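*Asks:* Could you have a look at this structure, given as structure tokens, before my questions?
What follows is calculated from the coordinates using simple rules that are stated; it is not laboratory data. Everything quoted here is computed from the prediction, not taken from an experiment. Cβ placement follows ideal geometry from the backbone for every residue including glycine, while neighbour counts extend to all protein chains displayed.
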Amino acid sequence: MKNFTMIDEPFICEQCNKSVSALSYTARDHCPYCLYSKHVDVMPGDRLNHCQGLLQPIGIEKFKDTYKIIYRCKKCHQLHKNIMARDDDMNLIIELSKVI
């Protein structure tokens, strides 16, 4: 992605309060435990979005040889998508795949 800024840093999830480590192979953009993310970017990694709302996982879609998590911002209601990470909770991924 042309406008991708690589930021892979640990954080405390604002939804489940768990400590989340850096991903190491790409930028971490959501919690692997509850799958929530935060609405912080306009372009990936730029941290320029003023919304700062929590992105709630609402579904899943096939993407190449993996999946994308579909989010709805709890503050501004914008839809957003992130590629799942290798360490994401697969039980939650499976549950999201059942959402119509």
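*Asks:* How long are the three semi-axes of the equivalent ellipsoid of the stretch 3-51, in whole Å, if each is the root of 5 times an eigenvalue of the C-alpha gyration tensor, listed from largest down?
*Replies:* 18, 14, 7
*Asks:* What length, rounded to one decimal in nm, is gained on full extension from residue 66 through to residue 95, with 0.36 nm per residue of separation minus their alpha-carbon distance?
*Replies:* Full extension of this stretch gives 8.9 nm more.
*Asks:* Okay, moving on. Measure up 38/74; 18/75; 75/98; 68/98; 38/64 against 18 Å on the Cα-Cα distance and list the ones that go over.
*Replies:* 18/75; 75/98; 38/64
*Asks:* Can you tell me the dipole magnitude for the chain around its Cα centre, using point charges on the Cβ only (Lys, Arg +1; Asp, Glu -1), in Debye to the nearest 20?
*Replies:* Roughly 300 debye, rounded to the nearest 20.
*Asks:* Report the FRET efficiency, 1/(1 + (r/R0)^6), for residue 79 and residue 47, where r is their Cβ-Cβ distance and R0 is 22 Å, rounded to 0.05.
*Replies:* For residue 79 and residue 47, the calculated efficiency is 0.65.
*Asks:* I would also like to ask the following. Could you tell me the ratio Rg/Rh of the chain? Both radii from Cα atoms, Rh via Kirkwood.
*Replies:* Radius of gyration relative to Kirkwood radius: 0.93.
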